Amino acid sequence: MTVRVGILGAGFIGRIHALNLHRDSRVSLVGVADVIPRAADRLAAEVETAALHSLADLLDRGVDAVYVCTPNAQHVEPVTIALAAGVHVFSEKPMATSLRGAWEIREAARRARGIYQLGLNRRFARVYTFLKGLIDDGRLRPLLAQMKHNRGELQQPPWTGDPSVTGGYLYETPVHLFDMGRFLFGDVEEISGVARQSVYGEPDGFVLLFRFRSGVVASVTSVAHTSWFFPYERVEVYGPHQTAVTEELERAWYSPGMRDQVEGIDCFQMPFEEKWGYVEEDRRFIGAVLGDGSLAVSADEGYRATELVEAVYQAVRSGAAVRLPLPEPA
Ligand SMILES: NC(=O)c1ccc[n+]([C@@H]2O[C@H](COP(=O)([O-])OP(=O)(O)OC[C@H]3O[C@@H](n4cnc5c(N)ncnc54)[C@H](O)[C@@H]3O)[C@@H](O)[C@H]2O)c1
């Protein structure tokens, strides 16, 4: 059986998924829909499918699955409509731009016949699978960590500087880092920190402390106006006489002990879409649709990532530590 897939949103990330799916023999691309006809036309020609306008057009074509690749604040509506229509959904991050929106999707996913997967691609990026493997194999025992995910600017694409579209900077970029914290160290029990508003019209610099239920404590920094100085994303994990470090999605190192050789991986030569985890997340989504049980990032995981964003906003606004889980929006 081939999975009939439609893409909603023919921008930067819609194109990456469309190209991955175009190469996957298990997939038949049914159409690419965008409110800007030129964007739909261009991508449709590249992946040899129909150029369409809306989610309704994709559903009319009888898709089995939809990729929601529209800007951040436009995820909840198409996702819940598609799930209610019995269609499988892959949604780009963020899941939603409020805890209520994430809750609505989680509830819709629980009721749905189809599956829901969220595009937190870093979980499949090579540097992070390296780090996660060290922890899961018991070779690295995380005690403390230092995590950073900066952005050079909030100018490209232009909507990244508009909180009414992004939901706020934390939903645009650091949501990846917050989820990575949970992925590596488990649930967070308390968040505190400080935010500054310096360059843009919203809080654009965060210095935070995450306390994990596992006992790990991490300092977490994210600044939106740093220029693209390498590495703008870096995680350092410290164990008993151990250190593991990632440098952006390019390289990772592991020092297993005081007198041991340092191990490392260099992903420089890997194709971008593999290095960043996009190929693997798409491969797993299609596998899950076909029933092989390989679902990657579920609605529950997405809800928890959204909760971390909201808890950080609460903590920096109030100046007080916020404990998790947050009350659910009933
Ligand atoms: N996981 C990642 O690494 C990653 C990377 C980039 C973007 N993203 C996410 O993907 C989403 C899209 O980002 P992008 O960089 O591709 O943006 P983009 O601006 O390049 O593309 C978005 C496209 O959606 C179209 N669109 C807007 N509203 C629409 C609607 N109602 N119906 C159909 N099409 C509509 C726009 O015309 C545009 O072509 C965002 O939520 C972003 O956060 C994730």
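Values quoted throughout were computed directly from the atomic coordinates according to the rules given, and no laboratory measurement underlies them. As the structure is a prediction and not an experimental result, all values here were calculated from the model. When we count neighbours, we look across all protein chains shown, and the Cβ atoms used for this are built from the backbone with ideal geometry, even at glycine.
Values computed for the structure shown
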read-out: Total charge dipole magnitude, the chain, about the Cα centre, Cβ charges on Lys, Arg, Asp, Glu only, Debye to nearest 20; value: 480 debye
read-out: Exposure proxy ranking, count of Cβ atoms within 10 Å, fewest first, for Asp179, Asp136, Asp57, Asp282; value: Asp136, Asp57, Asp179, Asp282
read-out: Isotropic mean projected area of the C-alpha convex hull, the stretch 235-325 (nm²); value: 9.4 nm²
read-out: In the stretch 236-330, the trypsin sites (Lys or Arg not before Pro) that fall in loop regions by DSSP, at most 14 other Cβ within 10 Å; value: Arg259
read-out: Unit charges at the beta carbon, dipole of the chain: most positive-side option, Ala51, Val220, Ala96; value: Val220
read-out: Lys/Arg +1, Asp/Glu -1 at C-beta; the stretch 162-280 dipole; positive extreme among Ile265, Thr243, Tyr232; value: Thr243
read-out: Student exercise, the stretch 197-274 dipole from Lys, Arg, Asp, Glu Cβ charges, in Debye to nearest 20; value: 500 debye
read-out: Nearest 10 degrees, 0 to 90: helix 99-111 Cα axis against the chain principal axis; value: 60 degrees
read-out: Residue-wise HN-Hα coupling along the stretch 80-95, computed from phi with Karplus coefficients 6.51, -1.76, 1.60 (Hz; x: Gly, Pro); value: 5, 5, 5, 4, 5, 7, x, 9, 6, 10, 9, 10, 5, 6, x, 3
read-out: Considering only the chain, percent of DSSP beta bridges that pair antiparallel, nearest 5; value: 60 percent
read-out: Calculated from backbone phi, Karplus (6.51, -1.76, 1.60) coupling profile of the stretch 124-140 in Hz, x at Gly/Pro; value: 10, 5, 4, 5, 7, 5, 4, 5, 4, x, 4, 6, 5, 7, x, 7, 10
read-out: Relative exposure of Met270, Met95, Met1, judged by other C-beta atoms within 10 Å (fewest first); value: Met1, Met270, Met95
read-out: Rg in Å to one decimal, and Dmax rounded to a whole Å, for the stretch 284-330 via C-alpha atoms; value: 15.5, 47
read-out: Amide H contacts of Glu190 (H built 1.01 Å from N, under 5 Å, at least 5 apart or other chain); value: Arg211, Leu324
read-out: Per principal axis, descending, Cα span of the chain in whole Å; value: 59, 45, 38
read-out: Dipole magnitude (debye, nearest 20) for the stretch 15-132, charges at Cβ of Lys, Arg, Asp, Glu; value: 680 debye
read-out: Paired Rg and Dmax values of the stretch 115-231, which use every Cα atom, in angstrom; value: 15.1, 44
